[in-house]
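Below is one structure, written out as C-alpha cells; the observations come after it.
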Amino acid sequence: MNATKLLLQQVAINLLVAATIVQPGLTALLADASGEVNLQSQVLAYEPPARGAPGNRGDTGSREFPHFIVLIPAVNIGLTAIARPTFWLYLPDSFPDRIPFEFVLRDEQQAVVFRTSFPLKKTAEIASFCLPESAPLLEIGNKYSWHFFCGTTCRYGSVERVALKPEILLQLETASPRQRVLLLARSGLWYETITELIALRDKLLSQLQAATLEERLLIYAENDLQYEALAELTGFEKISSLATLEADWNALLQHPSVRLDGIVSTSFLEV
C-alpha cells in the first residue's frame, strides 16, 4: 500500500472520528435554518478582470433560431493563461441535435487569425469547443475577439491571455483538483475555471458510480470534499454526492459580473 493511500485512509478515519463526535450537531453544521445545504464558507470565489469588452453572449431575450448562449461573464471578456482555451456553449432543449458552427478568432486589429467550421453534436445542454492544434497559440498580453456563427445567429466576446505569477503556478502544481479550481477562479481565469470544474465533476461522477464506501471516502478526501464525506458517514441525505461542486458552479454563475444563473437552468450534475 503506497504512502498516498495510507494518507488518504488516515484522512478518512479522521473524518469518521469527527463525525462520531459531532453527530448531534451535524445537521446544524451542514444546513441553515431553512434546511438547505450551507457550503458558503468553502465555495468558489471568482475574481473577474476590472474591464469589459463589446460582445453578445446571447442572453438578451432574442428570438433568433437557432438560439444559443456562450458561457462568458456579462462583461463579455474572460482571461486565460493557456494558449488554446476551451469555450463553453449553452444549447437549450429546442436546439437541433447536430448543426454546423463556424468559429472565427480575430486579433486586436480585427484581422482574422483563425477560422474553422465544425459540427457541434448536442449530447447535453452544455457543449464545448477547444481551439484545435491547427489554431495559432494565443500570445501572452494579447486580447482576441471570438465569434460563433450558427445559421444567421452570431455570438461574440473576447479572450485575453495573461501570465501567472510563479507563486501561483507553484500552488497550482501542488493543489488538489478542487483547490486548483478555487485558485483558478481567484486568479480570474474564466476559461480554465469552468473547464476544470466540469472536468472534475465528470471524473468524480465516474469514480463514485461503482465505488465502495471506503473508496468513496478516499475519493472525497483526495478532492477536498469534507462535507460529502461527513454527510455520507452520518446519513445526511440532503447532501448530494457532489454538493460542494454544485455550490461552486452556482457561485460562479451567480457572480455579479457573470449573471448566468437565471439563464443556464441546467443542473450542474446534468450539464
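The values are calculated or read from the model by the stated rules, or taken from the named source; none is laboratory data. Being a predicted model, the structure only gives us computed values, none of them experimental. Cβ placement follows ideal geometry from the backbone for every residue including glycine, while neighbour counts extend to all protein chains displayed. Note: accessible area is taken over every heavy atom of the protein model, side chains too, but ligands, DNA and RNA are not part of it. Shrake-Rupley method; radii C 1.70, N 1.55, O 1.52, S 1.80 Å.
What to note about this one:
- For the residues Leu217, Leu213, the requirement of being on the phi < 0 side of the Ramachandran plot, open to solvent by 70 Å² or more (accessible area, probe 1.4 Å) and not acidic (Asp, Glu) singles out Leu213.
- Residue in the stretch 186-193 that is closer than 29 Å to Leu89 by Cβ, modelled with pLDDT of 85 or more, among the small types (Gly, Ala, Ser) and assigned to a helix (DSSP H, G or I) present: no
- Residue list for the stretch 169-192, restricted to those being in contact (Cβ under 8 Å) with a residue 12 or more places away in the chain and under 17 Å from Ala83 (Cβ atoms): Leu172, Leu184, Ser187, Leu189, Trp190, Tyr191, Glu192
- Here is the figure for the stretch 52-65: residues that are open to solvent by 50 Å² or more (accessible area, probe 1.4 Å) and either modelled with pLDDT of 85 or more or aromatic (Phe, Trp, Tyr) (or both) total 1.
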